[in-house]
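**Q** Let me give you the structure first, and then I'll get to my questions.
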Amino acid sequence: MMNRDINGEGRKLNRGEEEEEEDEDEESGRGRDAWERAYADERSWESLQEDESGLLRPIDNKALHHAQYRRRLRTATTAGIQKGLIRYLYIVIDLSRAAGEMDYKPSRMVVVARQVEAFIREFFDQNPLSQIGLVTLKDGVAQCLTDLGGSPESHIKALMGKLECSGDSSLQNGLDLVHDLLNQIPSYGHREVLILYSALSTCDPGDIMETIQKCKGAKIRCSIVGLSAELYICKYLCQETGGLYSVALDEPHLKELVLEHAPPPPAIAEFAIANLIKMGFPQRAAEGVISICSCHKEAKFGGGYTCPRCKARVCELPTECRICGLTLVSSPHLARSYHHLFPITPFDDVSPSITNIPQKLPKSCFGCQQSLLNPGSLFFSTEIANFQKLD
Amino acid sequence: MSPPVPSKILTDDVSLLMVLIDSNPHFWSSIKPHFSFSKFLSHVLAFLNSILLLNQLNQVVVIATGINSCGYVFDSSSGSVSQRAESLLPKLEEFAENDESLSERDDDSGNGVGSSLLSGSLSMALCYIQRVFRSGPLHPQPRIICLHGSPDGPGQYVAIMNSIFSAQRSMVPIDSCVIGIQHSAFLQQASYITGGVYLKPQQLDGLFQYLATVFATDLHSRNFLQLPKPVGVDFRASCFCHKNTIDMGFICSVCLSIFCKHQKKCSTCGMLPNVCRSIFGQAQTRDPSASQQRK
């Protein structure tokens, strides 16, 4: 480190400058540091935008518009369509040599793990009745990291503890393993796989086309998010099974693509047999009660829920009672999924010709009372018969 | 020395309080001998003024909940000088007149007898809070308090639950002070899920004291206080066939409707457009209008 004394002993300052020059020479010889690459290679200044008065815009309105537009399209096309609400999803993470590439900072593996953590939390938030399991592809073999379960913490802890990459990835082994695991789930559940694939090839022991046909026959919907480039075999797999294939350009795009899989996808009717599932609605125990909880096997004070069938205590909902196997949920969890069944009617875009006539518009936004003098973009809702701002 | 940075002024205890006042005339006429709307307003106005006095930067916004509509009646941050809460009275009167004229126009509100539009005012409060969040990195801590008395309208269940989940995600607590005769299951769930306080005062004559001791503190100070704990929040669902609360039931895997007994056909799935009527135990026939393969 250089000596930068404000009182500035001249000799020390000179020496500091010399050291600085030496450092710079060494750096340009060694290659750029990460912080320098952000300016030299990626040109971060090009993504800034100015508004009409020349001031820098803090939020990128175009990206916001585009995201809103895509969201509205999606809700418009899937509004009246049956959705698979009880999902059994396996996340297959590619931990082969290609996952150690550093084009995503600090490495693909770490970025993927971060996005999977965010995805798991969002998934359980939107689908409280569903379950997730984790599978890793490493050294040409597929291994089941965690079994199907409804608690986000256990999955995330298991994933973060096992982040090493080596060897090749085998798509066929992953699909075979997931196929065997998903055979055991009840018939009313929707079977899904989400593969996060970083490699550019797959090393398979047999005919992968057969495996794909097997998965198609087992009604498993496979979706893939690629990190490197588009692969034909991935595209074929997704087309055959009715899933979604997308390739990420950079980290924010990867986040968007992965989170797109959190809300329930349109269901294919024959894939899941409609059934009446027996569920329990436990009451919350009173605050001062001491009992032994069945999940941690230790005495707990207060809180907790009592299974209505076998009266065992569980700590959190939704869960499956460990003693009698009854699925335990609370009515807010079911209500969480009604939002997918009864989506709100999308707002209509107000054409600019109306926004230019100030007399026709009310003075302020109906929802938040912000002044509508410089609207930018306005929406009109037919239900509340009033105008609202874009954001 | 440079002048103090503005962020030092916006301390932890600055709050934005959204107050949702129930102005349902059916409800207020039903409890007339015990408590009147004017007495209620005098307690509430004193409470609002005291909030504004607690901290110079506190903001209060009042939304009135009517039967057919909801509207903003007071915003302490609008206008050049921060106003006293009494200025809401003329706007509230105007709102009540508009609301009543709307109910003369359409008789069938579909809400159930005498329940007010809580879902509408919760949504408006959340819109205002979102706007505050987007106004920049320095903003007061928002919270919502519902002064509610009307019975719960079952038709608003989905909308209220949606507002509760949005509030939970934005980390906005919903406090409830129930003035009516019976407890409100919706508000109990709202306060439990969002981490707010639920209170049903026993003596309505002392309403100001309840408000000032329980609901006046900002979010940061709540960590150090003993506020009323949730007691007996009922999370049981009611079955769609008889509307009884059940603790064990059967759920249709397609539409999540709740039944108390095992039955052959789901009565709800047939009513949803574009959904095959679910016959349990059988694979459904392919209906070209309903199912779609998503590529």
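The values are calculated or read from the model by the stated rules, or taken from the named source; none is laboratory data. Not measured: the values here are computed from a predicted model. With ideal geometry, Cβ positions are generated from the backbone for all residues, glycine too; neighbour counts draw on all protein chains shown.
**Q** Taking the range B:17-59 as the region of interest, how many residues are surrounded by fewer than 21 Cβ atoms within 10 Å (Cβ to Cβ), farther than 29 Å from B:Leu138 by Cβ and either of a type in the set (S, T, N, Q) or touching a His at 6+ places or on another chain (Cβ under 9 Å) (or both)?
**A** Qualifying residue count for the region: 5.
**Q** Another question, then. Filter the range A:222-243 down to the residues that are part of a loop (DSSP other than H, G, I, E, B), surrounded by fewer than 19 Cβ atoms within 10 Å (Cβ to Cβ) and touching a helix residue (DSSP H, G or I) at 6+ places or on another chain (Cβ under 7 Å) and list them by number.
**A** In the first step, residues of the range A:222-243 are kept if they are part of a loop (DSSP other than H, G, I, E, B); the result is A:227-231, A:242-243.
In the following step, the residues that additionally are surrounded by fewer than 19 Cβ atoms within 10 Å (Cβ to Cβ) were identified as A:228-230.
The answer is A:Ser228, and nothing else.
**Q** When residues of the range A:262-303 are filtered for being in a strand (DSSP E or B) and either within 11 Å of chain B (Cβ to nearest Cβ) or basic (Lys, Arg) (or both), how many remain?
**A** First, pick out the residues of the range A:262-303 that are in a strand (DSSP E or B): A:266, A:276-280, A:283-284, A:290-293, A:299-301.
Those left that are additionally either within 11 Å of chain B (Cβ to nearest Cβ) or basic (Lys, Arg) (or both): A:266, A:276-280, A:283-284, A:300.
Summing the residues that are in a strand (DSSP E or B) and either within 11 Å of chain B (Cβ to nearest Cβ) or basic (Lys, Arg) (or both) in the range A:262-303 gives 9.
**Q** So, in the range B:136-166, of the ones that are among the small types (Gly, Ala, Ser) and touching a helix residue (DSSP H, G or I) at 6+ places or on another chain (Cβ under 7 Å), which residue ends up farthest from A:Pro343 (Cα to Cα)? Give the derivation first.
**A** Residues of the range B:136-166 among the small types (Gly, Ala, Ser): B:136, B:149-150, B:153, B:155, B:159, B:163, B:166.
Subsequent filtering for residues that are touching a helix residue (DSSP H, G or I) at 6+ places or on another chain (Cβ under 7 Å) retains B:149-150, B:159, B:163, B:166.
Numbers: B:Gly149: 29, B:Ser150: 27, B:Ala159: 10, B:Ser163: 13, B:Ser166: 14 Å.
The extreme case among them is B:Gly149.
**Q** Here is a further query. Name every residue in the range A:312-340 that is part of a loop (DSSP other than H, G, I, E, B) and not small (Gly, Ala, Ser), in order of residue number. Full working, then the answer.
**A** Just the residues of the range A:312-340 that are part of a loop (DSSP other than H, G, I, E, B), to begin with: A:312, A:315-318, A:321-326, A:329-330.
The answer is A:Cys315, A:Glu316, A:Leu317, A:Pro318, A:Cys321, A:Arg322, A:Ile323, A:Cys324, A:Leu326, A:Val329.
**Q** A follow-up question, please. Do you know which of the residues in the range B:224-259 that are β-branched (Val, Ile, Thr) and assigned to a strand (DSSP E or B) is nearest to the other protein chains (Cβ to nearest Cβ)? Talk me through it step by step, then tell me what you get.
**A** Residues of the range B:224-259 β-branched (Val, Ile, Thr): B:231, B:233, B:245-246, B:251, B:254, B:258.
Of the ones still in play, those that are also assigned to a strand (DSSP E or B) are B:245-246, B:251, B:258.
Details: B:Thr245: 8, B:Ile246: 7, B:Ile251: 5, B:Ile258: 7 Å.
The selected residue is B:Ile251.
**Q** Which is farther than 25 Å from B:Gln209 by Cα, modelled with pLDDT of 90 or more and within 14 Å of another protein chain (Cβ to nearest Cβ), of B:Leu126, B:Leu138, B:Leu187? Quick ask: steps written out before the conclusion?
**A** Values: B:Leu138 fails: modelled with pLDDT of 90 or more; B:Leu187 fails: farther than 25 Å from B:Gln209 by Cα.
Answer to the selection: B:Leu126.
**Q** From the set of residues in the range B:209-239 that are aromatic (Phe, Trp, Tyr) and surrounded by 17 or more Cβ atoms within 10 Å (Cβ to Cβ), which is nearest to A:Leu328 (Cα to Cα)? Please lay out each step first, then the result.
**A** Initially, the range B:209-239 is screened for residues aromatic (Phe, Trp, Tyr), giving B:210, B:215, B:224, B:235.
Narrowing further to those that are surrounded by 17 or more Cβ atoms within 10 Å (Cβ to Cβ): B:210, B:215, B:235.
Numbers: B:Tyr210: 36, B:Phe215: 34, B:Phe235: 11 Å.
Among those residues, the one meeting the criterion is B:Phe235.
**Q** Any residue at all in the range B:198-213 that's in a loop (DSSP other than H, G, I, E, B) and either under 19 Å from A:Pro128 (Cβ atoms) or not assigned by the TED database to the domain that holds B:Cys177 (or both)?
**A** Here is the first cut: in the range B:198-213, the residues in a loop (DSSP other than H, G, I, E, B) are B:200-203.
In the following step, the residues that additionally are either under 19 Å from A:Pro128 (Cβ atoms) or not assigned by the TED database to the domain that holds B:Cys177 (or both) were identified as none.
No - not one qualifying residue is present in the range B:198-213.
**Q** Out of the range B:69-107, which residues are modelled with pLDDT of 85 or more and within 21 Å of B:Asp152 (Cα to Cα)?
**A** Selection gives B:Ser69, B:Cys70, B:Gly71, B:Ala96, B:Asp99, B:Glu100.
**Q** Further, regarding this structure: Would you please list the contacts, defined by Cβ atoms under 9 Å and residues six or more apart or on different chains, that run from a residue in the range A:236-249 that is under 15 Å from A:Gly217 (Cβ atoms) and within 12 Å of another protein chain (Cβ to nearest Cβ) to a residue that is at pLDDT 90 or above and loosely packed, with under 14 Cβ neighbours inside 10 Å?
**A** A:Glu240/A:Gln213
**Q** Only residues that are under 20 Å from A:Gly150 (Cβ atoms) and surrounded by fewer than 18 Cβ atoms within 10 Å (Cβ to Cβ): list them for the range A:295-312, please. Break it down stepwise before answering.
**A** Initially, the range A:295-312 is screened for residues under 20 Å from A:Gly150 (Cβ atoms), giving A:295-297, A:300, A:303-310, A:312.
Residues satisfying the conditions are A:Cys295, A:His296, A:Lys297, A:Lys300, A:Gly303, A:Arg309, A:Cys310.
**Q** Considering only the range B:260-267, I want to know if a residue exists there that is of a type in the set (Lys, Arg) and within 8 Å of another protein chain (Cβ to nearest Cβ).
**A** At the first step, the residues of the range B:260-267 found to be of a type in the set (Lys, Arg) are B:261, B:264-265.
Subset that is within 8 Å of another protein chain (Cβ to nearest Cβ): none.
No: zero hits.
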